[in-house]
Amino acid sequence: MSRRALAVVAAAGLAGLSCGALAATQSEFDAAYAAAAQAEAQAGALHDQWSPTEAALKAARQAAEEKRYDEASALARRAEALAKASISQAQAQQSLWREAVVK
Amino acid sequence: MIGRIGSIYRAAAAAALLFTSLLPAASAGPRIDPAGDQRAFQAYFERAFPGVALDDFANGPYAVNKEMRKQWEEIMQFPPYDFALDDGKRLFEAPFKNGKSYADCFPDRGIGIRQSYPYFDLRSGEVVTLDLAINRCREQNGEKPLPYEVGDMAAIDAYMASTSRGKPFDIRIPDDPRALAAYENGKKFFYERRGQLNFSCASCHVQAAGRRMRGDILAPALGMLASFPIYRSDWGSMGTVDRRFVSCNEQVRSLPLKPEDEAYRDLEYFLSYMSNGVAIAGPGTRP
């Protein structure tokens, strides 16, 4: 499968997930939050956490505390996506940075 | 709401796939050659800013922008760091509760030594910045460490820098694999893109040096630590190197590290070594 087709499939899958967030329960939120927190910890190990990820995690916790689980779950999934993008950035930069070095 | 979040989510996922697809195979990396890096780095800025003398790079945006330079010359008639400088001298000279003082912790009693920091400590195997050394001195003498970014730390820094004005940065990288690794680590931190906005330090301070970003002229990376600590009108107070690193990380939506984190110390080691030969000019003023 081409990368482009892969991206479309992945994006469709993710969009499906966010629709599934309707009428989320606390346990759905807990699972989404745990996945996000785990990805963010991995980004931390790579020295590349993003402030919007932290903000989304914080907003997710706040919404969950107020029992707005739909919103909380959506925010947690957004945090996970951001954390994963930061992980990919850090992994790509492990070697790409050399191309920017002044020579 | 869901739709909007969904689209952000899709964009992030697509970005993630893009990053992943760019991932080349891991490689051992080329030889670590600090002296060669330094020559190339300084030559780059000499080419980019012909006519700017090496020492003038200590003046950051003022070195590369005529308009700003005029304003600066006016400000410098009553430098806003003067208060910090007086405070710093007093703090530096005041004895600790045990009767000792900062002078007892440093070579040459702490006078005229700023240009040699950070250094690589072969005993502990790590980079020691001036600020870290100041706090270690306090702790060895039973005093609490100072917060790193502002206040007394910046004032003591200011005084110590002022006694070193005119002395060129003289950073050494001992031929020790740990020192070379710390250097390389700092270099990597400088060139690595990070944060949601996907910028490296070099994106702004090498590629875009001298250009305008919002209200600011981007300082060239060469000599950029020689005027620290700085009084920034924008901050309304003095700030140390850590304060600057933290705020530059925040600008690109990257979660900043803790002041004096090992990665920041390695970064300062790399940047200072790149600036060897540029005379210390701190404390400085910035818009």
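The values are calculated or read from the model by the stated rules, or taken from the named source; none is laboratory data. Please read these numbers as outputs of a predicted model, since none were measured by experiment. Quick reminder, even Gly has a Cβ in these numbers, built from the backbone with ideal geometry, and neighbours come from all protein chains shown. SASA here: full protein model, heavy atoms, side chains in, ligands and nucleic acids out. Shrake-Rupley method; radii C 1.70, N 1.55, O 1.52, S 1.80 Å.
Of the residues making up the range B:180-195, those that are part of a helix (DSSP H, G or I) and more than 25 Å from residue B:227 (Cα to Cα) are B:180, B:181. What number of residues within the range B:91-114 satisfy the criterion of being part of a helix (DSSP H, G or I), open to solvent by 20 Å² or more (accessible area, probe 1.4 Å) and of a type outside the set (Asp, Glu)? The total comes to 4. Scanning for something under 17 Å from the mean Cα position of the chain (by Cα), without any contact (Cβ under 8 Å) to a residue 12 or more places away in the chain and within 12 Å of chain B (Cβ to nearest Cβ), does the range A:29-43 turn up at least one residue? Among the residues of the range A:29-43, not one is under 17 Å from the mean Cα position of the chain (by Cα), without any contact (Cβ under 8 Å) to a residue 12 or more places away in the chain and within 12 Å of chain B (Cβ to nearest Cβ), which makes the answer no. Answer yes if at least one residue in the range B:184-194 is of a type in the set (S, T, N, Q), open to solvent by less than 10 Å² (accessible area, probe 1.4 Å) and farther than 21 Å from residue B:48 by Cα, and no otherwise. Scanning the range B:184-194 turns up no residue that is of a type in the set (S, T, N, Q), open to solvent by less than 10 Å² (accessible area, probe 1.4 Å) and farther than 21 Å from residue B:48 by Cα. Is it the case that the range B:215-228 has a residue that's in the same structural domain as residue B:42 (by TED's automatic domain parsing), open to solvent by 20 Å² or more (accessible area, probe 1.4 Å) and free of Cβ contacts under 8 Å to residues at least 60 places away in the same chain? Checking the range B:215-228: not a single residue is in the same structural domain as residue B:42 (by TED's automatic domain parsing), open to solvent by 20 Å² or more (accessible area, probe 1.4 Å) and free of Cβ contacts under 8 Å to residues at least 60 places away in the same chain. For the range B:130-160, the set of residues classified as open to solvent by less than 10 Å² (accessible area, probe 1.4 Å) and closer than 11 Å to residue B:89 by Cα consists of B:155, B:156, B:158, B:160, listed by residue number.
Checking every residue in the range B:252-264 against the condition of being within 22 Å of residue B:155 (Cα to Cα) and hydroxyl-bearing (Ser, Thr, Tyr) gives at least one match. Residues in the range A:83-92 that are at the interface with another protein chain (Cβ under 7 Å from one of its Cβ atoms) and either hydrophobic (A, V, I, L, M, F, W, C) or open to solvent by less than 10 Å² (accessible area, probe 1.4 Å) (or both): A:85, A:89, A:92. Put simply, of B:128, B:150 the only residue that is touching a residue at least 60 places away in the same chain (Cβ under 8 Å) and over 20 Å from residue B:281 (Cα atoms) is B:128. Here residue B:99 fulfils each of the conditions (1) modelled with pLDDT under 95; (2) assigned by TED's automatic domain parsing to the domain that holds residue B:141 apart from (1).
For the range A:60-82, residues that are closer than 25 Å to residue B:253 by Cα and open to solvent by 40 Å² or more (accessible area, probe 1.4 Å) total 4.
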